[in-house]
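Step one of this worksheet: look at the structure below.
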Amino acid sequence: MKDAGHLTMSTKELDRLEIIGRVLERRLTQRNAAEQLGLSLRQVERLCRAYRCDGAAGLVSRRRGRRSNRKLTAAFHDRVMDLVRSRYSDFGPTLAWEKLTEQHGFALSRETLRQWMIDGGLWTPRCRRRQRAYQPRRRRACLGELIQIDGCEHAWFEDRGPKSTLLVYVDDATSRLMELRFVASESAFGYFASTRAYLEGHGKPVAFYSDKASIFRVGASDGARGAGITQFGRALSELNIDIICANTPQAKGRVERAHLTLQDRLVKELRLRSISTPEAGNAYLPSFQADYNRRFGREPLTGHDAHRPVRDDEDLESIFTWQEQRKISRNLTFQYRRVMYLLEPGPETLPLAGERCRVHEHEDGRIEVRHANEPLRCSVFFDKAPRVPQGAIVANKRLGAVLSKIQHDQRERDRQRLTRRSLSIRQKNRIRDAAARADATGPQG
C-alpha cells in the first residue's frame, strides 16, 4: 500500500522482496527461491514478473485495506445481537451459539459470536474478570480448636513404590502436623483409622475443617434418599465433634500449604531412607512429624488445650465402622451387600421380627449386628453369585483406587474363566483319548 510516497509491507512481503531481488540478480535460482518461500515454481515466476513491472509494490497484496469476501454484513450482526439481547442475554457464548444455530438457523462461528458478545458488553472473558480476593483470617486461639484435614495423592515413593494418598491433619492455631497416614485412597475407612489414632493420641478436638468431598458431605441427590449424613459425619456426631466443610481450597490454606512442603521434604526424606512401601512409610511418619513440628510449628495465642478426653462409654472400635440399618424379616433374616444373614432363633430374637437392626462392618470385612446396642448372633445363610456391578457414583479422589480394584477383579475373573476352560479342554481330551483306545482294542468279551 502506497501512502504519501511510502510503501507499507508486512514482514512476509519483505522476505519475498529480498529473495525475489536475489533471483533477478541471478544469485538464486527460481526453484531454490520457491523452496525457501514455500511456494510453487509458477508463483515465483509471477512474483518475478510483478517485480519487473511494478517494483516492490508488485509484491504487496492488492486486497489489503479492502473488505473480506467472507465478512458478515452489518445487518446480519444487528439481527444476531438483537436476538441475543432479547432472549439469550444471560447465556454464555457457547450455549447462545448452540441456540442460534439449532433453533434460528444462523450460520456463524462460535468465536465470532463470542467476540460480538464481548464487544457488546454481554460477556466478559476470563482474563478481564475481576479476581476474587481471599482475605486472610486470624488463627484459632488454642490448640485443638480447629483441625484442618485433607488427603493428597502424590508419587510419595517416586518410582520405587505405588502412588499413594497421604492423609494430613493440621492444627489451625499452631500449624503443627497432628496426624499423618499413607492410604490407598481417600475413603471412609482410611479416615476412620487416622481419626481414631488422632483421638487416642491427642483427644477430641472441637471441630474438623475439610473440603466438600463425598466422605464429609452428602450431595443433594444422595441426601433426598438417605439420612443426609455421611459415615464419617455420623461417627463424629457420636463423638460430639463438629465437621465444617470449606467453600474454597483457599479457606483451608494451612493444610493446602502443608501439602506443598510435604511433597518437597517428605519425598526426599523417604528417598534418603530407601522407603518404598506405605507400610514402611507409616512407620517413619511419627519421627518426620516430630521434626516437622519442631521446625515449622508455632506457639498458640493461649496455652489452653481444647482437646477433650475420650469417655469410657465411647467405644471407638464400634463407632469407626460402616453402619447401615436393615429390616429383620419374619424368618429372622436380613440382607446386606447381596448376602442373606440368619439370626439364631431364641427368646431374644423372636420378638425382633419386623424390627430394624444395625449392621456394623469393619475394615477387614467382619460383620456385627446390633439391636438397641445389644449384639445379635447371626450366620451367613445365602451368598448370591458374584456379578459385574452396575455403575455407581464415585468421588473423583477415589477414582484411581476404584479403577485399580476393577482391573484386579477383571483379571481374577479372566483367570478363573481361563482355568475352567483349560480344565474343560483337558477333560475333553481325556474322553477323546479313552474313546480312541476303546476303538483300537475293539469290543471286549
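Please treat every number below as a calculation from the coordinates, not as lab data. All of these numbers come straight from a predicted model, not from anything done at the bench. Using ideal geometry, Cβ is built from the backbone for each residue, glycine included, and neighbour counts are taken over all protein chains shown.
Taking the Cβ-Cβ separation of residue 29 and residue 74 as r and a Förster radius of 60 Å, what is the calculated FRET efficiency to the nearest 0.05?
0.80
If I take all pairs of Cα atoms in segment 74-127, what percentage of them are more than 17 Å from each other?
22 percent
What distance in nm separates the two pseudo spin-label positions at residue 436 and residue 317, each 7 Å out from Cα along the beta-carbon direction?
Label at residue 436, label at residue 317, 6.2 nm between them.
Check each of the GluC sites (Glu not before Pro) in segment 325-376 and keep only those in coil by DSSP with at most 12 other C-beta atoms within 10 angstrom; list them in order.
355
Hey, which of these cross-link pairs are over 18 Å Cα-Cα: 212/405; 163/405; 212/252?
In this structure, 212/405 lie more than 18 Å apart at Cα.
Which order, highest average first, do 230-240, 110-120 follow once you tally other Cβ atoms within 10 Å for each residue and take the mean per peptide?
230-240, 110-120
Expected output is a single nm value to one decimal: the length gained when fully extending between residue 130 and residue 379, i.e. 0.36 nm times separation in residues minus the C-alpha distance. What is it?
83.4 nm
Can you give me the distance in nm between label points at residue 106 and residue 141, each placed 7 Å from the Cα along the Cα-to-Cβ direction?
Taking the two extended label points, one gets 6.0 nm.
Based solely on its DSSP helices, what 222 nm [θ] is calculated for the chain when runs of n ≥ 4 H residues each add -39,500 (n - 2.57) and the sum is averaged over all residues, nearest 500 deg cm²/dmol?
-13500 deg cm²/dmol
Taking the Cβ-Cβ separation of residue 57 and residue 294 as r and a Förster radius of 45 Å, what is the calculated FRET efficiency to the nearest 0.05?
That gives a FRET efficiency of 0.05.
Take the Cα radius of gyration of segment 147-296 and divide it by 2.2 N^0.38 Å, with N its residue count; two decimals is plenty.
Normalised by 2.2 N^0.38 Å, the Cα Rg of segment 147-296 equals 1.05.
Count charges around residue 248 for me, please; just the other residues with Cβ under 15 Å from its Cβ, Lys/Arg as +1, Asp/Glu as -1.
With Lys, Arg at +1 and Asp, Glu at -1, the neighbours total +4.
Which percentage, to the nearest 5, of the DSSP beta bridges contained in segment 147-296 is antiparallel?
Counting DSSP beta bridges with both partners in segment 147-296, the antiparallel share is about 70 percent.
Which value results for Rg/Rh of segment 321-383 when Rg is the Cα radius of gyration and Rh the Kirkwood radius based on the inverse mean 1/r?
0.92
Taking only the alpha-carbon positions of the chain and ignoring solvent, what does the Debye formula give for the base-10 log of I(q)/I(0) at q = 0.07, 0.11, 0.14 Å⁻¹?
Relative scattering, expressed as log10 I(q)/I(0), comes to -0.72, -1.04, -1.30.
For residue 261 paired with residue 330, estimate the spin-label separation in nm (one decimal), with each label point 7 Å from Cα along the Cα-to-Cβ line.
Label at residue 261, label at residue 330, 6.5 nm between them.
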